[in-house]
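We did not get these values from a lab; they are worked out from the coordinates using the rules stated. The model shown is predicted, which means the values in this text are computed figures rather than measured ones. A quick note on method: Cβ atoms are made from the backbone with ideal geometry, for glycine too, and the neighbour counts reach across all protein chains shown.
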Amino acid sequence: MPEPRPDRCQATAANGQPCSAKPRPGRPLCLWHDPEADEKRREISRKGGAARSNAAKARKQLPANVLTASEWQDLVGTVAKGVITGKLSPGVGQAVASLARAHRDLAELGRLEEQVAALEALVGRGRSA
């Protein structure tokens with residue numbers, strides 16, 4: 001078995017080899033093997049899990065404001081090319097297509113609600129005459 005290096009963690013990794021991580025400042029063990037670093041490890045794990053969540057990924061990819069119809073078309077086209085070339089998974093393509101359909105349906109719903117309100121206003125004026 002190789003000798004532990006002074007510039008590396010003095011613990012043994014799960015594979016039986018010396019840990020190759022750098023030790024914490026002033027300590028012989030790395031963050032992952034140092035029993036005094038339990039809380040720090042939990043904090044890092046919490047942050048890491050949150051940063052890798054689908055919601056966090058989506059927030060990083062999309063602008064803060066609402067996408068226009070033209071931007072949705074560009075996004076769907078870009079994602080479709082990514083799926084076709086193998087740079088993006090088909091699941092990503094399906095998710096974007098589903099979101100684009102939801103956006104289209106909500107926009108149509110908004111237009112219909114405006115038309116109904118306009119018709120109700122016209123009918124209401126006709127009754128009061």
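Electrostatic bookkeeping for Glu113 treats Lys and Arg as +1 and Asp and Glu as -1; over the other residues with beta carbon under 14 Å from its beta carbon, the sum is -3.
Could you calculate the FRET efficiency of Val116 with Ala58 from 1/(1 + (r/R0)^6), where r is the beta carbon distance between them and R0 is 35 Å, rounded to 0.05?
Efficiency computed from Cβ-Cβ geometry: 0.60.
A straight Cα-to-Cα reach below 17 Å connects Lys81 with the aspartates and glutamates Glu71, residues fewer than 8 places away in its own chain not being considered. Listed by chain and number, the lysines placed with their C-alpha closer than 19 angstrom to that of Lys22 are Lys40; residues fewer than eight positions away on the same chain are left out. Per-residue packing, averaged as other Cβ atoms within 10 Å, sorts the ranges 8-15, 37-44 into the order 8-15, 37-44, beginning with the highest.
Of interest is the spacing of the C-alpha centroids, which for the range 81-129 and the range 10-46 amounts to 51 Å.
Relative protection proxy for 103-110, 76-83, 27-34, from highest mean packing down: 27-34, 76-83, 103-110 (other beta-carbon atoms within 10 angstrom). When +1 charges are put on Lys and Arg Cβ atoms and -1 charges on Asp and Glu Cβ atoms, the dipole computed for the range 64-128 relative to its Cα centre reaches about 120 debye. Computed from the C-beta positions of Ala13 and Glu43 and an R0 of 25 Å, the FRET efficiency is 0.65 to the nearest 0.05.
Could you list log10 I(q)/I(0) for the range 64-128 at q = 0.25, 0.26, 0.27 Å⁻¹, which the Debye formula gives when each Cα is one point scatterer? Values, matching the q order: -1.01, -1.05, -1.08.
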